[in-house]
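Colleague: Sending over a structure as structure tokens; questions will come in a sec.
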Amino acid sequence: MCGIVGYIGKRKAYPILIKGLHRLEYRGYDSAGVALINEQGQLNVYKAKGKVAELEAFCAEKDTCGNIGIAHTRWATHGEPNTVNAHPHYSESERLAIIHNGIIENYAVLKAGLMEQGYTFKSDTDTEVLVQLVEYTQVNRHVDLKTAVQLALQQVVGAYAIAILDKEHPDTLIAARKGSPLVVGIGKDEYFLASDATPIVEYTDQVIYVEDEEIVALRLGEKVDITTINNVAKTPEIKRLELSLSQLEKGGYPHFMLKEIFEQPRTLTDSMRGRVNVQQDNIALSGFIDNKDRFLNAKRIIITACGTSWHAGLIAMYAIEEYAQIPVEVEYSSEFRYRKPVINKDDVVIAISQSGETADTLAAIQLAKEKGAFIFSICNVVGASIPRLSDSGCYTHVGPEIGVASTKAFTAQVTALTMLALCIGREKGTVSQTQFEHLVQELGQIPQKIAQVLQQNQRIAELAHSFTDTQNFIYLGRGYNFPVALEGALKLKEISYIHAEGYPAAEMKHGPIALISEEMPVVVVAPRCAIYEKIVSNIQEIKARQGQVIAVVTEGDEQVRKIADHCIEVPATEECLTPLLTVIPLQLLAYHIAVAKGCDVDQPRNLAKSVTVE
Ligand code: AGP
């Protein structure tokens with residue numbers, strides 16, 4: 001996700017745009033840029049790799065005059081984070097400049113058509129294709145900018161929030177949205193535009209939330225003009241902002257972590273966009289398609305990761321061995337890099353990392369690469385060190401994860417790895433077409449099923465209050481949900497500082513059951529699965545020793561409900577997909593216990609979001 005800002009009005013645009021980018025930097029920060037039309041009618045575009053501060057330094061000696069401009073801070077989805085791919089993007093003639101937050105799914109087809117018309121491209125981005133399409137439409141259909149944008153967007157498939165300038169019309173700022181947020185601020189003799197209200201709130205509390213497939217024309221001295229991309233006039237609905245600046249950066253949530261937990265229906269939809277096609281019962285993972293033989297001939301898959309990413313790797317082990325029938329080893333990167341592992345040239349090594357900068361995981365794949373293995377990374381930061389060192393990979397596209405405790409990145413990692421396991425299995429014939437199609441349908445329903453689980457947030461918050469003085473927790477799970485038990489324990493540990501251990505449920509009787517007492521709450525992840533009756537027995541063993549059980553069960557489960565102290569229900573789904581649902585209550589439970597304890601949820605003590613040191 002990226003941040004966009006626009007301004008047209010009585011004041012100098014540049015300072016307002018830069019300050020707005022700083023407010024939006026939490027949305028993405030791998031490069032930034034600004035476009036301004038000065039009094040001489042020149043359209044100046046300045047861009048810099050890195051944070052907004054780099055752009056400010058670059059602009060220090062530049063002509064930043066002009067009372068109209070747009071600016072962008074980037075979270076790369078297409079094209080490496082560098083100056084060329086940074087926004088704004090000029091059109092071919094440099095008459096137009098555009099900024100964009102979103103993904104144009106059919107950009108390749110549109111680009112090919114424009115290249116046939118003689119257009120050339122400087123960047124690898126989908127955004128540059130869009131501005132060229134607008135210019136091509138404006139010139140060949142002899143229409144004004146707004147109409148050209150309307151006609152161009154009618155051809156676009158994907159998500160966008162855009163703002164575009166035409167140096168021949170310095171009195172007009174055009175914007176549009178579909179699937180990505182866009183807010184208009186109404187000041188006195190000035191208009192603001194932004195991805196959310198944080199760049200606007202200090203200037204005005206009068207805002208318009210632009211709806212999907214709407215185009216906005218902001219012209220000085222005129223009222224806001226809103227139409228659909230099919231040119232149906234809309235009456236702007238002006239609202240008053242009631243949130244504080246700090247709350248606004250978190251989308252109204254008290255913490256980034258809760259915001260990111262609640263984002264998961266959307267972020268998983270984003271992560272699957274262009275990959276899972278439920279209409280065609282298909283999964284298209286370019287990283288797999290381009291390297292099929294590597295996976296089909298692999299004698300072994302080694303997964304290397306740390307922390308939550310390592311838990312995602314454990315879940316992948318169950319899925320890959322079940323559906324692709326390739327032996328999998330899951331390694332802690334910090335151990336793998338030093339234990340002199342045997343690595344063969346026909347090994348596939350999968351590195352999982354949200355940040356793409358974890359030192360131990362980076363070192364682990366450096367070692368594997370030196371020994372000739374094929375490196376495939378699952379990462380959330382385009383252009384980070386780990387994907388750059390990898391032979392191929394799959395970006396999770398969930399946008400910046402600000403909370404130190406990983407949530408939306410984890411579910412996206414599990415989704416990506418499940419897609420990979422199914423793609424390999426279908427190619428190898430170890431997954432039948434019927435089974436494959438059923439799993440694709442189930443995968444497509446996961447975002448809405450997560451939304452259903454999130455509706456229990458308040459109930460989980462109330463449950464959490466009874467554990468603020470608890471000193472220890474045990475988390476149990478089996479099969480696909482054993483790693484979920486580990487993840488739930490880690491979430492609690494890292495944000496509430498309560499000691500928690502995850503175990504395979506059947507392992508309890510080999511020692512840990514000695515810990516069970518009334519003072520030791522036990523969270524059991526027990527959805528319907530092949531070994532459901534076994535885990536019910538494990539729950540009974542705990543209850544027989546006065547243990548307190550909080551169970552995560554499949555909705556409608558009456559058996560566990562009779563014996564557990566608390567039950568949190570999740571919708572039914574295929575066993576391999578249950579972790580995507582059962583982890584949600586554990587994320588919420590950890591969050592609410594930590595909040596009830598007054599902990600710093602987003603920045604827990606002793607931790608960092610990316611561990612770039614050993
Ligand atoms: C998880 O909540 C923690 N933030 C931590 O365990 C994290 O998963 C680990 O440091 C790995 O980070 P990475 O995914 O960026 O490599």
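The values are calculated or read from the model by the stated rules, or taken from the named source; none is laboratory data. Since the structure is predicted, the reported quantities are computational estimates derived from the model, not experimental observations. Positions of Cβ are backbone-derived with ideal geometry, glycine not excepted, and every protein chain shown enters the neighbour counts.
Colleague: Which condition breaks for A148 when tested against (1) buried (at least 20 other Cβ atoms within 10 Å of the Cβ); (2) of a type in the set (G, A, S); (3) within 29 Å of the chain's Cα centre (by Cα)?
Modeller: (3)
Colleague: When you scan segment 303-320, how many residues do you find that are of a type in the set (A, V, I, L, M), surrounded by fewer than 24 Cβ atoms within 10 Å (Cβ to Cβ) and more than 16 Å from the ligand (Cβ to nearest atom)?
Modeller: Final tally of qualifying residues: 1.
Colleague: Specify the residue that is surrounded by the fewest Cβ atoms within 10 Å (Cβ to Cβ); the eligible residues are those in segment 53-81 that are at pLDDT 90 or above and either among the small types (G, A, S) or more than 30 Å from L220 (Cα to Cα) (or both). Working first, answer last.
Modeller: Step one: filter segment 53-81 for residues at pLDDT 90 or above, giving 53-73.
Among the residues that remain, those that are also either among the small types (G, A, S) or more than 30 Å from L220 (Cα to Cα) (or both) are: 53-54, 57, 60, 66, 69, 71.
Details: A53: 15, E54: 16, A57: 11, A60: 8, G66: 25, G69: 30, A71: 33.
Of everything passing the filter in segment 53-81, A60 is surrounded by the fewest Cβ atoms within 10 Å (Cβ to Cβ).
Rundown of residues vs (1) of a type in the set (D, E, K, R); (2) buried (at least 19 other Cβ atoms within 10 Å of the Cβ); (3) away from the ligand (no atom under 16 Å from the Cβ); (4) within 19 Å of F262 (Cα to Cα), yes/no style:
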residue: A564; (1), (2), (3), (4): no, yes, yes, no
residue: T578; (1), (2), (3), (4): no, yes, yes, yes
residue: Q587; (1), (2), (3), (4): no, yes, no, yes
residue: I593; (1), (2), (3), (4): no, yes, no, yes
residue: A608; (1), (2), (3), (4): no, no, no, no
residue: V613; (1), (2), (3), (4): no, no, no, no
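Colleague: Follow-up. Just to be sure, is E501 within 16 Å of the ligand (Cβ to nearest atom), surrounded by fewer than 21 Cβ atoms within 10 Å (Cβ to Cβ) and under 18 Å from L589 (Cβ atoms)?
Modeller: It is true that E501 is within 16 Å of the ligand (Cβ to nearest atom), surrounded by fewer than 21 Cβ atoms within 10 Å (Cβ to Cβ) and under 18 Å from L589 (Cβ atoms).
Colleague: Looking only at segment 91-111, count every residue that is free of Cβ contacts under 8 Å to residues at least 60 places away in the same chain and touching a helix residue (DSSP H, G or I) at 6+ places or on another chain (Cβ under 7 Å) and tell me the total.
Modeller: The number of residues fulfilling the criteria is 7.
Colleague: Look through Q456, Q435 and report the one residue that is surrounded by fewer than 20 Cβ atoms within 10 Å (Cβ to Cβ), closer than 30 Å to Q325 by Cα and not hydrophobic (A, V, I, L, M, F, W, C).
Modeller: On the way: Q456 fails: closer than 30 Å to Q325 by Cα.
The match here is Q435.
Every residue, every condition in (1) basic (K, R); (2) without any contact (Cβ under 8 Å) to a residue 60 or more places away in the chain; (3) over 23 Å from R74 (Cβ atoms), yes or no:
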| residue | (1), (2), (3) |
| --- | --- |
| K167 | yes, no, no |
| L173 | no, no, no |
| R177 | yes, yes, no |
| L182 | no, no, no |
| Y191 | no, no, yes |
| A194 | no, no, no |
| E242 | no, yes, yes |
| L248 | no, yes, no |
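Colleague: If a residue must be small (G, A, S) and either farther than 17 Å from G102 by Cβ or touching a helix residue (DSSP H, G or I) at 6+ places or on another chain (Cβ under 6 Å) (or both), how many such residues does segment 12-32 contain?
Modeller: Initial filter on segment 12-32 (small (G, A, S)): 13, 20, 28, 31-32.
Filter once more, so that each one left must be either farther than 17 Å from G102 by Cβ or touching a helix residue (DSSP H, G or I) at 6+ places or on another chain (Cβ under 6 Å) (or both): 13, 20, 32.
Counting residues in segment 12-32 that are small (G, A, S) and either farther than 17 Å from G102 by Cβ or touching a helix residue (DSSP H, G or I) at 6+ places or on another chain (Cβ under 6 Å) (or both) gives 3.
Colleague: Test P483 against the stated conditions and say whether it is under 22 Å from the mean Cα position of the chain (by Cα), within 16 Å of the ligand (Cβ to nearest atom) and modelled with pLDDT of 95 or more.
Modeller: Yes: the conditions hold for P483.
Colleague: Kindly check whether there is at least one residue in segment 405-419 that is modelled with pLDDT of 95 or more, in contact with a Gly (Cβ under 7 Å, 6 or more places away or on another chain) and within 30 Å of Y253 (Cβ to Cβ).
Modeller: Within segment 405-419, not a single residue is modelled with pLDDT of 95 or more, in contact with a Gly (Cβ under 7 Å, 6 or more places away or on another chain) and within 30 Å of Y253 (Cβ to Cβ).
Colleague: Go over the candidates S286, S271 one by one and state the one that is within 22 Å of the chain's Cα centre (by Cα) and within 16 Å of the ligand (Cβ to nearest atom).
Modeller: On the way: S286 fails: within 16 Å of the ligand (Cβ to nearest atom).
It is S271.
Colleague: Another question, if that's okay. Which of the numbered conditions does E331 fail, given that it passes all the others? Conditions: (1) within 24 Å of the chain's Cα centre (by Cα); (2) within 16 Å of the ligand (Cβ to nearest atom); (3) not basic (K, R).
Modeller: (1)
Colleague: Checking the structure you have, find out if any residue of segment 421-431 is under 22 Å from the mean Cα position of the chain (by Cα), within 30 Å of S610 (Cβ to Cβ) and modelled with pLDDT under 95.
Modeller: No: segment 421-431 contains no residue that is under 22 Å from the mean Cα position of the chain (by Cα), within 30 Å of S610 (Cβ to Cβ) and modelled with pLDDT under 95.
Colleague: Checking L420 against (1) away from the ligand (no atom under 11 Å from the Cβ); (2) without any contact (Cβ under 8 Å) to a residue 60 or more places away in the chain, which single condition isn't satisfied?
Modeller: Of (1) away from the ligand (no atom under 11 Å from the Cβ); (2) without any contact (Cβ under 8 Å) to a residue 60 or more places away in the chain, only one is false for L420: (2).
Colleague: Among the residues of segment 339-384, write down those that are among the polar types (S, T, N, Q) and crowded, with 21+ Cβ neighbours inside 10 Å. Please lay out each step first, then the result.
Modeller: First pass over segment 339-384, keeping only residues among the polar types (S, T, N, Q): 344, 353-355, 358, 361, 366, 377, 380.
Result: S353, Q354, S355, T358, T361, S377, N380.
Colleague: For E237, which of the numbered conditions (1) under 30 Å from T147 (Cα atoms); (2) surrounded by 17 or more Cβ atoms within 10 Å (Cβ to Cβ) fails to hold?
Modeller: (2)
Colleague: Quick one: M1 ticks every box in (1) free of Cβ contacts under 8 Å to residues at least 40 places away in the same chain; (2) not in a strand (DSSP E or B) except a single one, so which number is it?
Modeller: (1)
Colleague: Across segment 357-393, which residue is farthest from R337 (Cα to Cα) among those that are touching a Gly at 6+ places or on another chain (Cβ under 7 Å) and more than 14 Å from the ligand (Cβ to nearest atom)?
Modeller: The residue in question is S392.
Colleague: Follow-up. Which helices (runs of 4 or more DSSP H) sit wholly inside segment 189-299 and have at least 2 residues that are of a type in the set (V, I, T)?
Modeller: 256-272
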